[in-house]
Structures are given as structure tokens and as C-alpha cells.
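Quick note: the coordinates plus some simple rules give every number you see, no bench work behind them. Everything numeric here is computed off the predicted structure, so don't read it as measured data. Positions of Cβ are backbone-derived with ideal geometry, glycine not excepted, and every protein chain shown enters the neighbour counts.
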Amino acid sequence: MLSLRRAGEGDLGFMMATERIDAYALQVGRWGEPRHRASLADPSFAYLIGEKHGEPIGFAILRTLNDPNGNIGLQRIVVASPGQGLGSELLARVTDWVFTETACHRFLLEVFTDNVRARRVYARHGFVEEGVLRQVVKRLDGTRSDQVLMSLLRPEWQAARAGFSS
């Protein structure tokens with residue numbers, strides 16, 4: 001079973017190495033150490049480490065935890081061993097954390113339009129595509145890319161959770 005814990009500065013090396021895995025080069029943002037340190041200290045952010053058997057397998061960064069409208073954003077979710085289903089499991093735990101540990105009403109994210117695999121995973125977890133943010137990101141290779149805005153509302157999450165327990 002995957003567990004979650006809040007990250008600390010001692011996790012920076014793991015997080016920075018994980019977000020820099022070659023397979024993520026054009027799909028996942030990469031922050032420098034100063035930005036990670038500032039965000040770790042910012043109460044509007046939460047860094048969560050996913051662990052199995054006491055070892056970190058991935059992490060997620062949440063933003064806008066202090067949004068007065070109850071909108072929390074998934075800034076980043078990354079696993080150290082992509083393609084093994086751990087990302088889906090981590091997403092499920094992070095989503096549960098968001099709705100059980102905060103007053104979040106709308107959990108949102110942006111994903112590159114060409115990241116079909118991630119879009120499918122988010123959809124399986126109940127996230128709904130709301131629209132396209134055109135040429136919103138300049139990637140590492142200099143190209144501009146579109147992202148899809150997706151969200152999951154608290155009532156949708158509650159209905160899905162109720163379906164698991166019946």
C-alpha cells in the first residue's frame with residue numbers, strides 16, 4: 001500500500017532528480033532548488049511524498065491551498081519509475097488527501113494535450129476536461145504547447161468514494 005507524508009527539505013534531492021528523468025523532459029516542469037525551497041516554505045503549497053515500504057516512489061506538489069474559493073491545483077505529480085502504475089496509485093492517494101485534509105471544492109490540473117497517457121489516467125480518476133489553454137507553456141526545447149485544463153469536484157469525488165464502499 002502506498003502511503004503519503006509531507007515532504008521536507010531533506011527530500012529535495014529525490015524530488016529534483018525524479019522530475020529530471022529523461023522520459024519527463026517535455027512533460028514535467030523542472031524547478032531549481034531555490035524555487036523548491038521557497039515553495040516548501042510557502043503555506044499555499046504542499047509537497048507530498050508517496051512511499052512504499054518506507055521508500056519514496058514519487059511526489060506531488062499542490063498549489064493554492066489558501067484559495068478562498070476552494071480551488072487547489074496539482075502543480076506536479078511524478079514517479080521515479082514511470083510505466084508501472086505507481087502514478088495512478090499516487091494520484092488516487094493525493095486526491096484523497098486533498099479532499100480529506102483540506103476544504104477543497106475543485107481540484108484542478110493542467111496537462112499537455114499530447115500527453116495522452118496522463119490524460120487517460122486523470123479521466124479514470126474522475127477528472128473532467130474543461131478546455132484547452134492554447135500555447136500556454138514554452139517547453140525546454142523552445143516550442144510552445146497547449147495544455148488541457150481538467151478538474152474534479154468534491155461532490156464527484158464523494159460519489160465515486162461512495163460507489164467503492166457499497
Quiz item: What share of the DSSP beta bridges in the range 1-127 is antiparallel, in percent to the nearest 5?
Solution: 80 percent
Quiz item: Karplus couplings for the range 142-153 from phi (6.51 cos²θ - 1.76 cosθ + 1.60, θ = phi - 60°), rounded to Hz, Gly and Pro as x?
Solution: x, 6, 9, 9, 7, 10, 9, 8, 10, 8, 10, 8
Quiz item: What distance in nm separates the simple spin-label points at Thr143 and Arg161, each placed 7 Å from Cα in the Cβ direction?
Solution: 3.9 nm
Quiz item: For the range 1-103, what is the convex hull (Cα atoms) projected area averaged across all directions, in square nanometres?
Solution: 6.4 nm²
Quiz item: How high is the relative contact order of the range 1-51, in percent, counting Cα pairs under 8 Å that sit 6 or more residues apart?
Solution: 62 percent
Quiz item: So, in nm, how far is label Ala103 from label Arg5 when the simple model puts each one 7 Å beyond its Cα toward the Cβ?
Solution: 3.0 nm
